Amino acid sequence: MESSSHRMEPLNHVDAGVLNVAYYEAGPADGPVVMLLHGFPYDIHSYVDVAPMLAERGCRAIVPYLRGYGSTQFRDGETMRSGEQAAVGADLIALMDALGVMRAVFAGYDWGGRAACVAAALWPERCTGLVSVNGYLIQDIAKAMVPLKPERELPLWYQYYFQLERGRAGLAVHRRGIARMLWQQWSPNWQFDDATFARTAEAHDNLDYVDVVIHSYRHRFGLADGDPQYADLQRRLAVLPVIAVPAITLDGGADGVIPATDGSASAEKFVARRTHRVIPGVGHNLPQEAPEAFAAAVMELVKV
């Protein structure tokens, strides 16, 4: 289906941990909650069709801008602009606390999928189920320097570029050009138009976007220190904890950055019921490219 052209408005704002989080909400306030988490270099509009589908089925869908995106802001100018995995996972729990949400389905892809996996692993009592694109996304930073096969390294050019100050400067000046190139590379079958891209690219004008993105990609290679306030969480993540909640993992059959698999490589990390599916012809931005499949996966967990 063609992605909807409307904007996800109005936005709500709430102080949550170190952030003032901007988020969109749809559906009944007393419905089962689903936290929908976007990736890089995207924004909440990855869920422009998923959120109303879930709302129509009785869910309360909450779609936050991650740190460094949209109108989400750090509350203190002195807070480190970290993009590490512990931080984005902790942000999810802080947002739930601020909204009085005790339990929810966590669903995401890319950075958002990582945040969902981190939160599901470290706070399983808060998670009723997990939908994660590309499987188990908790980073094994200790092995970050182990090379992949050359054909797997090639699509990761941006990660290596961002290790250099030249890459930081490039992202600052060419954030739209880089994002568009990645969209095209990662989703070769997705025929998005200029308006769809521009609607999301506005979220990358956040003053903290460059700092958060660069830190994320340097930290995951062990080349940048983390924020000390997340040190204990990072230690817990270093052992690659299992995910003990019901899960559905999805791969896009035409994902241009992380090739689809049968899911077996990460099977031991899911110790509760887990289903893995490949969505044919779909790229990396799976919820926007295949909203019906993504929403269906969420609803399976809502019913558990």
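Here are the numbers for the structure shown:
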item: For the range 221-292 and the range 103-149, distance of Cα centres in Å; result: 5 Å
item: Stretch gain in nm, segment T79-L207, where the contour uses 0.36 nm per residue and the Cα spacing is subtracted; result: 44.7 nm
item: Shape category assigned to the range 81-139 from the gyration tensor of Cα positions, a/c cut at 1.5; result: oblate
item: Built amide H within the under 5 Å cut-off of V33, gap 5+; result: R60, V105
item: Cα-Cα P(r), the range 171-245, percent of pairs per 5 Å interval; result: 3, 12, 16, 18, 13, 13, 15, 8, 2
item: Overall form of the range 26-177 per C-alpha gyration tensor (a/c, 1.5; a/b vs b/c); result: prolate
item: Theoretical gain in end-to-end length, V271 to M102 [0.36 nm per residue, Cα-Cα removed]; result: 58.6 nm
item: Size of electric dipole in the range 127-169: Cβ of Lys, Arg +1 and of Asp, Glu -1, about Cα centre, debye, nearest 20; result: 60 debye
item: Euclidean distance of C-alpha centroids, the range 17-65 and the range 154-174, integer Å; result: 29 Å
item: Of A265, L37, F74, farthest towards positive along the dipole that unit charges on Lys, Arg, Asp, Glu beta carbons give the chain; result: A265
item: C127 long-range amide H proximity, modeled H, under 5 Å; result: A104
item: Label of the coordinate-derived value, Kirkwood radius over Cα pairs in Å, listed as [x] 20.8; [y] 19.0; [z] 27.2; result: [y]
item: Structure-based [θ]222 nm, the chain - -39500 (n - 2.57) summed over DSSP H runs of at least 4, per residue, nearest 500; result: -10000 deg cm²/dmol
item: Total charge dipole magnitude, the range 1-111, about the Cα centre, Cβ charges on Lys, Arg, Asp, Glu only, Debye to nearest 20; result: 100 debye
item: FRET efficiency, E165 to R236 (Cβ-Cβ, R0 35 Å, nearest 0.05); result: 0.65
item: Under the Karplus curve 6.51 cos²θ - 1.76 cosθ + 1.60, θ = phi - 60°, whole-Hz ³J(HN,Hα) for the range 165-178, x wherever Gly or Pro sits; result: 5, 4, x, 4, 5, x, 5, 4, 8, 10, 4, 6, x, 5
item: Dipole of the chain [Lys/Arg +1, Asp/Glu -1 at C-beta], most positive-end residue of I279, F197, I243; result: I243
item: Antiparallel content of DSSP bridges confined to the chain, in %, to 5; result: 30 percent
item: Highest to lowest packing among 40-46, 169-175, scored as the average C-beta count within 10 Å; result: 40-46, 169-175
item: Dipole magnitude of the chain about its Cα centre (Cβ charges: Lys, Arg +1; Asp, Glu -1), debye to nearest 20; result: 600 debye
item: Global geometry of the range 192-304, whether rounded, prolate or oblate, following the gyration tensor of its Cα atoms and the 1.5 cut on a/c; result: oblate
item: Sequence-distant lysines (8 or more away, or on other chains) whose Cα lies within less than 27 Å of K303; result: K269
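Every read-out reported here was derived from the displayed coordinates using simple, explicitly stated rules and does not represent laboratory data. Only a predicted model underlies this, so the values are computations on that prediction, with no experimental measurement involved. As a convention, Cβ positions derive from the backbone with ideal geometry for all residues, glycine included, and neighbour counts pool all protein chains shown.
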